[in-house]
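S.K.: First the structure, then my questions, so here it is.
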Amino acid sequence: MDSIIQVDQERCIRCSYCADVCPTDVIHMGKHGPEDTGNHCIACGHCVAVCPREALNNLKAPLSNQVSIEKMPVLDEKIAATFLRARRSIRRYKPVAVPKEKIMQLLNIARMAPTGGNSQGLAYYIIENPDTLKAITAATIDWMEDLIKNTSPMTPYFTGVVSKYRKTDQDVILRGAPCLIIAIAPKNFLPRGRDNTHFSLAYAELYAPTIELGTCWAGFFEACALSGYQPLLDLLKLPTDMTVTGGLMVGYPKYTYKRLVDRKPLQIIWQ
């Protein structure tokens, strides 16, 4: 079997960094430097990224696809803390469409999020059509009403939402967001597909304010989709082997928040 590891012997200084960082022991240090053990490579690219001399290449994570970091940027701790605390879940949006270029920019960062065993495995549906967004909201409300009629444990939580929608016609599900990003994964990839979705959409939520966008997790929509509610699934027209693993509302925030909101007190148990 051909090795996936290629070593430039003239550049290699036998530092063993590549072998040390490899999570699946694909590399060990032999007499003449790094050698391929034949173990399964998850294509994380650590070995190539850590090499101080650009002496190593991995066919699954090629050096040519990696971006050199001349000087690693380090955020001041106060700036970083303020940025993270300032992120808000946006539930009021300007009636302005989000350019496809910005959605692509957002998802290109989302795909860089860590995933279990570098499995990744997600795809995204982007819903921008206003009529489809309204239909998704209506279907989710119908699902809630069905649960209420059947005295679901969620009845107390859903009753006020349904009542507000029926009385005011306000979008209490997608909050008038002009775009809904739906993460999907193969059905046989659960539960890891959902875990990977949480990591990826969290990256999107944190990155969004840097490109003037606001986001909010579409929890009601996600719960409805995960329940297998057929009228909603019929609207989405997903491939039969795929399932919804998360949803994110995206748009331009209608308001700017002026203060950092507190959370519940930190709870820690040391052992």
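The values are calculated or read from the model by the stated rules, or taken from the named source; none is laboratory data. No experiment lies behind these values; they were computed from the predicted model shown. Please note: Cβ atoms are built from the backbone with ideal geometry, for glycine as well, and neighbour counts cover all protein chains shown.
S.K.: In region 133-166, which residues are among the hydrophobic types (A, V, I, L, M, F, W, C), crowded, with 18+ Cβ neighbours inside 10 Å and either out of contact with any Phe, Trp or Tyr (no Cβ under 9 Å at 6 or more places or on another chain) or not assigned by TED's automatic domain parsing to the domain that holds Q105 (or both)?
M.R.: Hits for region 133-166 are L133, V162.
S.K.: Go through region 185-197 and report how many residues are touching a residue at least 40 places away in the same chain (Cβ under 8 Å) and farther than 13 Å from Q120 by Cβ.
M.R.: Count: 4.
S.K.: Another question, then. Quick check on L84: is it assigned to a helix (DSSP H, G or I), at negative phi and surrounded by 12 or more Cβ atoms within 10 Å (Cβ to Cβ)?
M.R.: No, not satisfied.
S.K.: Where in region 130-209 are the helices (runs of 4 or more DSSP H), entirely inside, with at least 3 residues that are under 20 Å from L236 (Cβ atoms)?
M.R.: Of the helices (runs of 4 or more DSSP H) lying wholly inside region 130-209, those with at least 3 residues that are under 20 Å from L236 (Cβ atoms) span 130-149, 192-207.
S.K.: Suppose the filter is small (G, A, S), surrounded by fewer than 17 Cβ atoms within 10 Å (Cβ to Cβ), assigned by TED's automatic domain parsing to the domain that holds E222 and in contact (Cβ under 8 Å) with a residue 24 or more places away in the chain; does A123 pass it?
M.R.: yes
S.K.: Could you go through region 102-118 and let me know if any residue there is surrounded by fewer than 15 Cβ atoms within 10 Å (Cβ to Cβ) and farther than 30 Å from H46 by Cα.
M.R.: No, region 102-118 contains no residue that is surrounded by fewer than 15 Cβ atoms within 10 Å (Cβ to Cβ) and farther than 30 Å from H46 by Cα.
S.K.: When the residues of region 1-58 are filtered to those that are part of a helix (DSSP H, G or I) and of a type in the set (A, V, I, L, M), which remaining residue is farthest from the chain's Cα centre (by Cα)?
M.R.: Checking each candidate, the answer is A19.
S.K.: Sticking with this structure for a sec: Pairs needed: first member in region 167-178, outside the structural domain of A135 (by TED's automatic domain parsing) and over 13 Å from N129 (Cα atoms); second member anywhere, at pLDDT 95 or above and in a loop (DSSP other than H, G, I, E, B); C-beta distance under 9 Å; at least 6 residues apart or different chains.
M.R.: none
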